[in-house]
Amino acid sequence: MKEVALGKNYSLSVVFLNARLSRKLNRQYRGKNKPTDILSFPLGKKSGEIFICPSESKTEAKKFERTFKNFLGFLFIHGLVHLKGFDHGSRMERLERKYRAKFRI
């Protein structure tokens, strides 16, 4: 998925974290005092990090009527598209749909 979305030469770190650290990072970087399922941080033109909180992801998966495994793929694609430089909106959603279709998510 990473290579399709960002290319072979993109350096990506994926971190799984607990809700406490997710809340801290979300508050620090987004001003939201609650845990979140995913955070994406571009570090440079060809590098970035994705932080995923499994406990929040499980809760959100139920809201979207997805399995946990499927929702992790959904989130990962969402994070990759953010790292491509997209913000929430119709262009981002179209690209996410394209990737989800390709990977059957």
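Coordinate-derived values only; no laboratory data. What you see is a predicted model, and the numbers here were worked out from it, not measured in a lab. Backbone-built Cβ (ideal geometry, glycine too); neighbour counts: all protein chains shown.
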How would Ile77, Ile52 line up from fewest to most surrounding beta-carbon atoms within 10 angstrom?
Ile52, Ile77
Can you tell me the convex hull volume per residue for the stretch 44-91, based on C-alpha atoms, in Å³ to the nearest whole number?
85 Å³
Computed label-point distance, nm, for sites Phe86 and Lys69 using a 7 Å Cα→Cβ extension:
2.5 nm
If Phe74, Phe64 are placed from fewest to most neighbouring beta carbons inside 10 Å, the sequence is Phe64, Phe74
To the nearest 20 debye, what charge dipole does the chain have about its Cα centre, counting +1 at the Cβ of each Lys and Arg and -1 at the Cβ of each Asp and Glu?
60 debye
Taking Ser47, Ser22 and counting other beta carbon atoms within 10 angstrom, the fewest-first order is Ser47, Ser22
Rg/Rh for the stretch 1-61, where both radii come from Cα atoms and Rh is the Kirkwood radius:
1.03
Between Val15, Thr36, Ala5, whose Cα lies farthest towards the positive end of the dipole of the stretch 1-42 when Lys and Arg beta carbons carry +1 and Asp and Glu beta carbons carry -1, centred on the Cα centre?
Thr36
Would you calculate, for the chain, the mean residue ellipticity at 222 nm contributed by helices, counting each DSSP H stretch of 4 or more residues as -39,500 (n - 2.57) and dividing by all residues, to the nearest 500?
-16000 deg cm²/dmol
With an 8 Å Cα cut-off and a minimum separation of 6 or more residues, compute the relative contact order for the stretch 31-105 in percent.
26 percent
Any idea what log10 I(q)/I(0) is at q = 0.14 Å⁻¹ for the chain, Debye with uniform C-alpha scatterers and no solvent?
-0.53
Simple spin-label model, 7 Å along Cα-to-Cβ: Arg30 to Leu43 in nm?
2.1 nm
Okay, which of the stretch 85-105 sit inside 18 Å, backbone N to the point 7 Å along the Cα-Cβ direction of Lys8?
none
